[in-house]
Amino acid sequence: MAEFDRRIFAERLKELRLERGLGQNVLAVALGLSNASISYWETGKQEPTVGALYKLATFFGVSADYLIGLED
């Protein structure tokens, strides 16, 4: 079984955020999350919870599988 790849998640999250012209603070507020969480995820220091992953996928209109690198 494949392991969660923080690098892919970090790259995709940052790319989606920047494509929409959002700062980390704006994204955090929009999702009811902390700015630190967004920062830690984008630097690969932490992994998101399932709930946070759901919020991100819904917000950006992508699948959770895309965010974590299981699909392109």
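The values are calculated or read from the model by the stated rules, or taken from the named source; none is laboratory data. Note that the coordinates shown come from a computational prediction; the quantities given were computed from them, not determined experimentally. Note: ideal-geometry Cβ built from the backbone for every residue, glycine included; neighbour counts use all protein chains shown.
How many residues does the range 23-41 contain that are of a type outside the set (S, T, N, Q), under 19 Å from residue 58 (Cβ atoms) and surrounded by fewer than 17 Cβ atoms within 10 Å (Cβ to Cβ)? Before the answer, list the steps.
Taking the range 23-41 first, the residues of a type outside the set (S, T, N, Q) are 23, 26-33, 36, 38, 40-41.
After this cut, where a residue has to be under 19 Å from residue 58 (Cβ atoms) as well, the list is 26-33, 38, 41.
Within this subset, residues satisfying the condition of being surrounded by fewer than 17 Cβ atoms within 10 Å (Cβ to Cβ) are 26, 29-32.
Within the range 23-41, residues that are of a type outside the set (S, T, N, Q), under 19 Å from residue 58 (Cβ atoms) and surrounded by fewer than 17 Cβ atoms within 10 Å (Cβ to Cβ) number 5.
From the list 47, 42, 3, which residue is modelled with pLDDT under 95 and touching a helix residue (DSSP H, G or I) at 6+ places or on another chain (Cβ under 7 Å)?
Numbers: 42 fails: modelled with pLDDT under 95; 3 fails: touching a helix residue (DSSP H, G or I) at 6+ places or on another chain (Cβ under 7 Å).
Every option except 47 fails the conditions.
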Among all residue pairs at least 6 apart or on different chains, which show Cβ distances below 7 Å where the first residue, located in the range 9-23, is within 15 Å of residue 46 (Cβ to Cβ) and the second is at pLDDT 95 or above and acidic (Asp, Glu)? 10/42; 13/42; 14/42
Output for the range 14-69, where each listed residue is under 16 Å from residue 4 (Cα atoms) and aromatic (Phe, Trp, Tyr): 40, 41, 54, 66
Pairs needed: first member in the range 45-62, on the phi < 0 side of the Ramachandran plot and touching a residue at least 40 places away in the same chain (Cβ under 8 Å); second member anywhere, among the hydrophobic types (A, V, I, L, M, F, W, C) and outside any loop (DSSP other than H, G, I, E, B); C-beta distance under 6 Å; at least 6 residues apart or different chains. 60/16
